[in-house]
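Below is one structure, written out as structure tokens; comments come after it.
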Amino acid sequence: MNPELQGREFPPTRPYLVGREKVREFARAVFATDPINFDVDAARAAGHPDLVAPPTFPVVVQESTLAQLLAEPDAGIDFSRVVHGDQRFTFSRPVFAGDELTATLRVSSVKSLGPHSMVTAESTIVDADGAHVVTATSTLVVRGDE
Amino acid sequence: MASGDTAPDFDAPSFDALSVGDVVAERSFELSRDSLVRYAGASGDFNPIHYRDDVAASVGLPGVIAHGMLTMGLAVQPVVDWAGDPALVADYQVRFTRPVVVDPSEGATVTVSAKVGQLDAEARVARIDLTTTFGGETVLGKAQVRVRFA
């Protein structure tokens, strides 16, 4: 993998509009049961503007930034050798249905570990006003020849 | 959040009543191949190792495996149910240590136990540590959820 990737920032992704049905679909897929994920009245009764997405929902928005990284011509990342090592979400606020989210990826570190490489990619996700919502951080392990 | 807006069937946990080591939630999840297809559609992750045995075998896996992000996504749910609101999760991190192999007929059972790992009284944040197991082995390492309290 190209060590010069470290510190590289990618252009912001196209805005992602969080739909209610997408929140419900994702919530069902991760076995969520909290009515605040499904029922607008329950979400509003709890003080939220709309349905609250499950904590790992931002991966849907982050995904397009990781696609940018894997497609970077000089990155030298072979997708078939990529293993997801670590994942983290750090919230300023939860994601709500109706949010329009934009993600910007920055490669925070590239490390070699014997034949393998580890790349840590931080996707900063902001709302339509540019205010921070959540940062999604992935560490990908790219297996080399042993 | 407005106080007094409490759901009738739910008592929010009290930060001050928590102690490090308390088990706050436990739940088992039955995963089937259908669960993986459903998650693929919901998340947009259509990597075929999560639904095709031939592709999984060709990359040296013992079988079709669950998306790591599905395991991460379900493992936090017992904590969300305990806290009473997904919006209270301030931070959530995991390390993927072992795959969850989902048998086409038997499926896979993933068990989650959530325990208080640390209490930050000043910030009123509880760190909840998850033990997530499949076939008697943990599949997530350093799985920590930070929950904000009022």
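Read the figures in this text as sums done on the coordinates, not as results from a lab. None of the values given here were measured: they were computed from a predicted structure. With ideal geometry, Cβ positions are generated from the backbone for all residues, glycine too; neighbour counts draw on all protein chains shown.
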Query raised in the report: For chain A, what does -39500 (n - 2.57) per DSSP helix run (n ≥ 4), summed and divided by total residues, give at 222 nm, in deg cm²/dmol to the nearest 500?
Result: -6000 deg cm²/dmol
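Can you classify chain A as rounded, prolate or oblate using the Cα gyration tensor, where a ≥ b ≥ c are the square roots of its eigenvalues, rounded means a/c under 1.5, and otherwise it's prolate if a/b beats b/c and oblate if not?
Numbers: a/c = 2.86, a/b = 2.05, b/c = 1.40.
Prolate, because a/c is 1.5 or more and a/b exceeds b/c.
Could you work out the mean projected area of the convex hull around the alpha carbons of the range A:63-146, in square nanometres to one decimal? Let's see the in-between values first.
Values: hull surface 24.3 nm².
Across all orientations, the range A:63-146 yields a mean hull projection of 6.1 nm².
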Query raised in the report: What full-extension length gain, to one decimal in nm, is calculated for A:GLU9 and A:SER108 as 0.36 nm per residue of separation minus the Cα-Cα distance?
Result: 34.7 nm
Query raised in the report: How far is helix A:59-71 tilted off the main Cα axis of chain A, in degrees rounded to 10, range 0 to 90?
Result: 20 degrees
Query raised in the report: Which whole number gives the average, over all residues in A:134-142, of C-beta atoms from other chains lying within 10 Å of the residue C-beta?
Result: 1
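Taking R0 as 41 Å, what FRET efficiency do you get between B:THR111 and A:ALA71 from their Cβ-Cβ distance, rounded to the nearest 0.05? Intermediate values should be presented prior to the final figure.
On the way: r = 38 Å, r/R0 = 0.92.
Here the calculated transfer efficiency is 0.60.
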Query raised in the report: Alpha carbon centre of the range B:81-111 versus the range A:51-117: separation in Å?
Result: 18 Å
Report task. Can you list which of the chymotrypsin sites (Phe, Trp or Tyr not before Pro) found in the range B:31-67 are DSSP loop residues with at most 13 other C-beta atoms within 10 Å? Result -> B:PHE46
**Report entry** Unit Cα scatterers, Debye sum, chain B: log10 I(q)/I(0) for q = 0.10, 0.12, 0.13, 0.21 Å⁻¹
**Finding:** -0.40, -0.56, -0.64, -1.25
Requested in this report: Would you calculate a helix-derived [θ] at 222 nm for chain B, using -39,500 (n - 2.57) for each DSSP H run of n ≥ 4 and dividing by the full residue count, to the nearest 500?
Outcome: -5500 deg cm²/dmol
Query raised in the report: What angle, in degrees between 0 and 90 and rounded to the nearest 10, separates the Cα long axis of helix A:20-29 from the longest principal axis of the Cα atoms of chain A?
Result: 70 degrees
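How much of the pair distance distribution for the protein assembly as shown lies past 31 Å, counting alpha-carbon pairs only, in percent? Let's see the in-between values first.
Details: 12216 of 43660 pairs.
So the portion of pairs separated by more than 31 Å is 28 percent.
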**Report entry** Stretch in chain B that is longest and holds no GluC sites (Glu not before Pro) that DSSP places in a loop and that have at most 16 other beta carbons within 10 Å
**Finding:** B:1-105
